[in-house]
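What follows is one structure encoded as C-alpha cells, with my remarks underneath.
None of the figures in this text is laboratory data; all of them are computed from the coordinates on show. The model shown is predicted, which means the values in this text are computed figures rather than measured ones. Cβ placement follows ideal geometry from the backbone for every residue including glycine, while neighbour counts extend to all protein chains displayed.
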Amino acid sequence: EYDGSSDLHVGITNTNGLVYNYNETGIHRVELGWEQCISIPLMQPDMYGLLKQWDKYLEEFSTGEAWFFHRYDEHHHNCYTYALAFINCVLAAQGKQPMSKSEFTERFVIPQTRKASKYITVYHEVAENYFYIGDSPDQEKNNSEEYKLLH
C-alpha cells in the first residue's frame with residue numbers, strides 16, 4: 001500500500017492493456033503487476049483517429065535510443081520522463097503544444113491521486129469502523145467553490 005513517502009512508477013498502456021514502462025533495465029511491456037495502479041485517461045472517447053495510431057506510436061517511440069537502459073537516471077531520465085515524452089510526441093503529431101512536467105502533473109496526475117487518496121481514506125475507515133461519515137457532494141462542491149473564491 002502506498003504511503004505517500006516514495007516515488008510512484010509510471011507506465012502507458014497500449015489499446016490492449018499492455019503496460020509499457022521504463023526503468024533502470026530499459027523498456028518493459030507487461031500485462032501483470034499493475035493491478036493496483038491509478039489510471040489516468042489521456043484521450044477522449046471520440047478520438048478514434050488517434051486510437052488507431054496509438055499502439056504504433058507507442059511501440060515506435062519505445063524502441064528509440066533515448067530509452068536504452070544505460071540512459072536511465074533516477075532523477076532526470078526515468079519512467080515519468082518516458083511517459084511525458086511519449087505524451088508530448090503524440091501532442092506534436094496532432095499539432096499541439098507540449099506539456100511541461102508541472103502542467104501534466106497539475107492537470108492529470110494530481111486530480112487522480114486526490115481521488116485515490118479519498119478512496120483509500122474511506123476504505124480504511126470502513127475497514128476499521130464499518131462505516132464512514134463525510135461531507136455530502138453538495139457540501140464538497142460548496143467548499144471547493146469557496147476555496148476558489150478565496151485563492
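Spin-label model, N16/R107: points 7 Å from Cα along the beta carbon direction are separated by 3.0 nm. For the chain, the mean residue ellipticity at 222 nm estimated from helices alone is -14500 deg cm²/dmol, where every DSSP H run of n ≥ 4 contributes -39500 (n - 2.57) and the total is divided by all residues, rounded to the nearest 500. Legend: calculated FRET efficiency, Q94 to E24, from the Cβ-Cβ distance at R0 = 25 Å, rounded to 0.05, equals 0.20. Sites listed here are chymotrypsin sites (Phe, Trp or Tyr not before Pro) in segment 17-56 whose DSSP assignment is loop and whose Cβ has at most 10 other Cβ atoms within 10 Å, and the list is empty.
For segment 59-116, the set of chymotrypsin sites (Phe, Trp or Tyr not before Pro) satisfying both a DSSP loop assignment and a count of at most 16 other C-beta atoms within 10 Å is given as F68.
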